[in-house]
Amino acid sequence: MTAALVLYGAAVLLVGALAARASSRGSDAFLVGDRSFGPVAAWAALSSTTVGGSTTLVLAALLARAGLPALWLDLAGALGLSALGLFLARRVRATGAVTIAEVIGGFYGPSVRRIAALLVVLAEIVWFALLAEATTAVLTAATPWEPRRVLVLTTLVFVLYTLLGGQRAVVRTDLLQLALMAGGLLLVAAPLAVRSLLETGAPRDLLVFPFGPRLGPFDAAALLVLVGLPHAVGSDVWAKLLSARDESAARTAALGAAVSKLVFGGATALIALAGIARGLGSGPELFPRAVLALAGAGLGPFLLVAMVATMQSSSDSVLLSAAAATVHDLLPRRFDTPGAARLSVAIYGGLGLGVALALPDLVETFRLGYTLFASGLILPALAALVPSVRVARGVAGAAMLTGAAAAMSERFLGLTGLDPVLVGTAANAAVLLAGLRRREG
């Protein structure tokens, strides 16, 4: 298994090195790959970005606790991507922006652009921590390696090839990673899971759908906000659309990624059920243990690499999005260079590593990142893209800060006992509505 991982790591680093020269031509080359990606490359990149730790490890752990209603996690993501493809993708790509904060700033002004960029950076650091933790969970389930050492080494690999090649390296490795993910999880692990379930049977108490005693309608609604909205309005998601060759390629990428999300979510559910039936755990370790148990010694190395590729396919995108928000939106214009972006990638990789060490609970890290982003950014961004809606600039910035603050207060203080993402989104919406009334009056 070690040899397979070393070969894979060398391959992605080589991709980064080969893309380094082209990505050094300027900011657009590093951050959006000169907008050169056609529909297939854009679809593969967006699919790889949106199928990661949440679609696999978090979904499997949630399924072990709540049964098939856990599929709302991926259904929410697919619905968000579908809405993006049908209603938003062409407008997003038509802006010609580099980042989501630039799109928002085009409607609300430079101050709100900086607020949006700051929220993007904070959320992306937490998301990177989530993906580093997920990779560590995969590797420690398959090897005797010490978890902290694994966490540091995988973070180093993620950072190196991202800062070398920028968006070109990210998209090119996405093609490799998606191929490994499809071959390992869809063509090998999922069929083996079906065969295992035919032999052992599935746990009947987990097969209820769409709601169950541990995940009811209210919880599903929270997932639609927590996961669905960031898939429609997400910094790393929009980065792929803004890197697409044209508006048609952007729309195709979003709709294709929605299908990918459903397919990989279904495969993950089968694998998780097979692992539960075999008594292989119930937390983040469930998914990698199930995959490796199903594969056996012969296929184990290949499937281990496929799982690592699944985690890595999202981690590089979030690092690059944080770097783009920093050099393009937060810092003075003279810092909008590939060199400054590379330094930002390294800094945020280190900060993400610190968060991963401080918050080792993968599911809680997942909730924290999505809650911060969904509560702060999404409603003002959507309002900006609706032609008939106008919000005063100061109100949009206040809504972002109020939503994020309310969500974090609920997350850490538990003032109401409600889901933090619902509290934060409600606070955000209340400020926006107040602004709409004042403007209409």
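Residue count for region 79-91 satisfying the condition of being surrounded by fewer than 24 Cβ atoms within 10 Å (Cβ to Cβ) and either in contact (Cβ under 8 Å) with a residue 24 or more places away in the chain or at positive phi (or both): 8.
Within region 298-349, the residues that satisfy the criterion of being farther than 30 Å from A267 by Cα, in a helix (DSSP H, G or I) and either modelled with pLDDT under 85 or of a type in the set (S, T, N, Q) (or both) are T326, S344.
Tell me whether region 181-201 contains one or more residues that are under 22 Å from V40 (Cα atoms) and under 16 Å from the mean Cα position of the chain (by Cα). Yes; the residues of region 181-201 include at least one that is under 22 Å from V40 (Cα atoms) and under 16 Å from the mean Cα position of the chain (by Cα).
Taking L151, is it surrounded by fewer than 24 Cβ atoms within 10 Å (Cβ to Cβ) and touching a residue at least 12 places away in the same chain (Cβ under 8 Å)? Criteria met by L151. Scanning region 226-248 for residues that are buried (at least 22 other Cβ atoms within 10 Å of the Cβ), assigned to a helix (DSSP H, G or I) and more than 14 Å from the chain's Cα centre (by Cα) gives L241, L242. Being out of contact with any Leu (no Cβ under 8 Å at 6 or more places or on another chain) and aliphatic (A, V, I, L, M): is that true of L131 here? Considered against the rule, which asks whether it is out of contact with any Leu (no Cβ under 8 Å at 6 or more places or on another chain) and aliphatic (A, V, I, L, M), L131 comes out as yes. Selection over region 395-430 of residues that are out of contact with any Ser or Thr (no Cβ under 7 Å at 6 or more places or on another chain), among the small types (G, A, S) and either under 22 Å from G77 (Cβ atoms) or in contact (Cβ under 8 Å) with a residue 40 or more places away in the chain (or both) gives a count of 3. Reported count of residues in region 253-267, each being small (G, A, S) and more than 18 Å from G38 (Cα to Cα), is 3. Look at region 285-308: where a residue is in contact (Cβ under 8 Å) with a residue 12 or more places away in the chain and a partner is part of a helix (DSSP H, G or I) and surrounded by fewer than 17 Cβ atoms within 10 Å (Cβ to Cβ), sitting 6+ places away or on another chain with Cβ atoms under 6 Å, you get P301/A4; V305/A4.
Looking at W43, W72, just one residue is of a type in the set (F, W, Y), under 30 Å from P213 (Cβ atoms) and touching a residue at least 24 places away in the same chain (Cβ under 8 Å), and that residue is W72. Cβ separations smaller than 8 Å between residues 6+ apart or across chains give the following pairs from region 96-121 residues that are closer than 19 Å to A392 by Cα to residues that are assigned to a helix (DSSP H, G or I) and of a type in the set (D, E): A101/D329; E102/D329; G105/D329; R113/E102; R113/D329; R114/D329; A116/D329; A117/D329. Taking the criterion of being among the aromatic types (F, W, Y) and over 28 Å from A189 (Cβ atoms), the residues of region 17-57 that qualify are F30, F37.
The set of residues in region 358-392 that are surrounded by fewer than 16 Cβ atoms within 10 Å (Cβ to Cβ) and assigned to a helix (DSSP H, G or I) comprises A358, E364.
In region 140-152, of all residues being modelled with pLDDT under 85 and aliphatic (A, V, I, L, M), the one that is nearest to L320 (Cα to Cα) corresponds to L151.
Flag: G275 matches the condition of being at pLDDT 90 or above and over 17 Å from the mean Cα position of the chain (by Cα). Looking at V58, V121, just one residue is modelled with pLDDT under 95 and in contact with a helix residue (DSSP H, G or I) (Cβ under 7 Å, 6 or more places away or on another chain), and that residue is V58. As a summary of the residue check, A44 satisfies the conditions (1) out of contact with any Pro (no Cβ under 7 Å at 6 or more places or on another chain); (2) within 30 Å of R204 (Cα to Cα); (3) surrounded by 24 or more Cβ atoms within 10 Å (Cβ to Cβ) except for the one numbered (2). Scanning region 118-141 for residues that are crowded, with 20+ Cβ neighbours inside 10 Å and either more than 18 Å from V318 (Cα to Cα) or aromatic (F, W, Y) (or both) yields W127, F128, A137, V138, L139, A141. Checked against (1) more than 16 Å from K240 (Cβ to Cβ); (2) of a type in the set (S, T, N, Q); (3) under 20 Å from the mean Cα position of the chain (by Cα), S111 meets all criteria but (3).
Candidates are the residues of region 159-212 that are surrounded by fewer than 17 Cβ atoms within 10 Å (Cβ to Cβ) and acidic (D, E); the one that is farthest from A277 (Cα to Cα) is D205. For region 1-112, the helices (runs of 4 or more DSSP H) that sit wholly inside it and include 3 or more residues that are of a type in the set (G, A, S) are 2-23, 39-50, 59-66, 72-83, 100-108.
If the condition is being outside any helix (DSSP H, G or I) and not β-branched (V, I, T), then region 204-225 contributes L207, F209, P210, F211, G212, P213, R214, L215, G216. Selection over region 1-34 of residues that are surrounded by fewer than 17 Cβ atoms within 10 Å (Cβ to Cβ), of a type in the set (A, V, I, L, M, F, W, C) and under 29 Å from A101 (Cα atoms) gives a count of 2. From the list R411, R390, exactly one residue is under 27 Å from T55 (Cα atoms) and of a type in the set (K, R). Which is it? Only one candidate qualifies: R411.
The values are calculated or read from the model by the stated rules, or taken from the named source; none is laboratory data. Here the structure is a predicted model, which is why all the values come from computation and not from measurement. Because the Cβ atoms are built from the backbone with ideal geometry, glycine has one as well, and the counts that use them run over all protein chains shown.
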